Each structure stands twice: as structure tokens, then as C-alpha cells.
Amino acid sequence: MNADLGTVTARVFARWGWKCVPFVTLLWTLFWPVGLVWLALSLARLYRSTDHSGLARAERQASWLVSWYPPGWRARYGEDFAETVRQAILGGHGGLRLALNVYLESTAAWWQADRRGLVTVTCWWLCWVPLGAQGLAPLAIKLGGGTYRGWFLALFLPGVLQWGVITVMLTAGAVMLAVAVRGTPALRQTSQSCPEQAG
């Protein structure tokens, strides 16, 4: 196992695109113990190869926080903001409060810069709730004859309405996923064109 899991997955996805998803899903379903061991070894190798000094850790956190902003904003203000965040982290003012502040400010920057990009990112984040957690999971429980209701909205309703709510959730999740997939190429084009505009 010379290649780590992330590299192999990226190469397969770069070569085959979305067509590889069913095949990769089938492989993970059949060989999940091998996949978990491979994942653990890949993460251990990544951890050992990472510089754990305070300065390197602050640099990684700063670049991660700056990546939350839209591409145009990063091209204009990214270096200065990264230095400010780096100094805050090194000064002991990092952590959850800094991350929440950056999250709120980056969301506002997305709203001002590119609303289509924000809709795409939001759909990527949230489509899994109606599609998986409120659609596919209750569907599996209902088809399996289970009685566990958990936090699944559809299973708290009378029997007549359960199928309708499951259908609405699956449809909403599928629409959000379609919006996310459709908006992703435009998001990539925006991020590739912004450094040219800044220069």
C-alpha cells in the first residue's frame, strides 16, 4: 500500500468523474474492513508527515479559515487576513470563538460577493438532511417493518401521511443535490477567474 486512500480516490474521481461513485460504493460495501484499515494507515502516515510545531499549526488553521471566504475576497484580502488570523492564533486567541467569527463574516462575504455560490455551498451542506436522514433512513425503517421512530419526522405522523412526507423529503433532498451539482462548475470557474482579475 504505497498510495494513501485520499490520493487513490482523487485519481479515480479525476479519471472517471461521477461515473465511479456506484463502483466505489460497491467496493466500500464489500470490502469495508480493508477500507477502514487502509484509511487508518493513510491517516497515520499523514499525521506523521505533518509538521506539529506551533507556527505550522497556526499556518494550517489560518489557511483553513481563510478558505471559507469567496475567491474574489481571498484574492483581494486573503494574505493580510491570514496574517491577522495567524497572529491571533499564536497569541492564544484562536479556538471556537475565532472560528465562529470567521464563519459569520465569511457568510456575509459570500452574500455580498456571489449569492449563487452561497446557494451552491449551502445546498451541498444541507441536502443530506432531507435526502438521507429524513428520507432514506425512514424509508429503510418503514420498508424493514421497524418501529423505531428516533428523530425521523415522517415516522411520528399517522400511517397515511408517512409515505407522503418521506416522498417530499426525498424530493427536497434530490432537488438540493441537483442545485449543488449544477452550481459547482460555476463555483470552480469563479475561483479560477478571480486571481486573474486581482492581478
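The values are calculated or read from the model by the stated rules, or taken from the named source; none is laboratory data. Please read all numbers here as calculations on a predicted model, not as lab measurements. Heads up, the Cβs are rebuilt from the backbone with ideal geometry, glycines too, and the neighbour counts pull from every protein chain shown.
Before moving on, here are some points about what is shown:
- Applying a threshold of 6 Å to beta carbon distances and a minimum spacing of six or more residues, or different chains, the list of pairs starting in the range 14-30 at a residue that is more than 19 Å from VAL181 (Cα to Cα) and ending at one that is part of a helix (DSSP H, G or I) and among the small types (Gly, Ala, Ser) reads TRP28/GLY35.
- All positions within the range 31-50 that are in contact (Cβ under 8 Å) with a residue 12 or more places away in the chain and not aliphatic (A, V, I, L, M): GLY35, TRP38, SER42, ARG45
- Of all residues making up the range 147-165, the number that are farther than 13 Å from GLN134 by Cβ and either outside any helix (DSSP H, G or I) or touching a residue at least 60 places away in the same chain (Cβ under 8 Å) (or both): 3
- Pairs linking a residue in the range 91-110 that is in the same structural domain as TRP64 (by TED's automatic domain parsing) to a residue that is surrounded by 11 or more Cβ atoms within 10 Å (Cβ to Cβ) and among the aromatic types (Phe, Trp, Tyr), with Cβ atoms under 7 Å and 6 or more positions apart or on different chains, are VAL102/TRP68; TYR103/TRP68; SER106/TRP68; SER106/TYR69; ALA109/TYR69; ALA109/TRP73.
- Lone qualifier among ARG60, ARG86, ARG76 - being outside the structural domain of THR184 (by TED's automatic domain parsing), part of a helix (DSSP H, G or I), surrounded by 12 or more Cβ atoms within 10 Å (Cβ to Cβ) and touching a residue at least 40 places away in the same chain (Cβ under 8 Å): ARG76
- Number of the condition not met by LEU46 [criteria: (1) at pLDDT below 85; (2) assigned to a helix (DSSP H, G or I); (3) surrounded by fewer than 12 Cβ atoms within 10 Å (Cβ to Cβ)]: (3)
- Filter result for LEU118 (in contact with a helix residue (DSSP H, G or I) (Cβ under 6 Å, 6 or more places away or on another chain), closer than 29 Å to VAL181 by Cβ, modelled with pLDDT of 85 or more and assigned to a helix (DSSP H, G or I)): no
- Identity of the residue in the range 154-167, surrounded by 17 or more Cβ atoms within 10 Å (Cβ to Cβ) and not small (Gly, Ala, Ser), that ends up modelled with the lowest pLDDT: LEU155
- Checked against (1) modelled with pLDDT under 85; (2) within 23 Å of ARG182 (Cα to Cα); (3) touching a Leu at 6+ places or on another chain (Cβ under 7 Å), LEU170 passes all but condition (1).
- Residue check for TRP28: outside any helix (DSSP H, G or I) and surrounded by 12 or more Cβ atoms within 10 Å (Cβ to Cβ): no
- The lone exception for HIS52 - which of (1) over 23 Å from HIS93 (Cα atoms); (2) loosely packed, with under 12 Cβ neighbours inside 10 Å it fails: (1)
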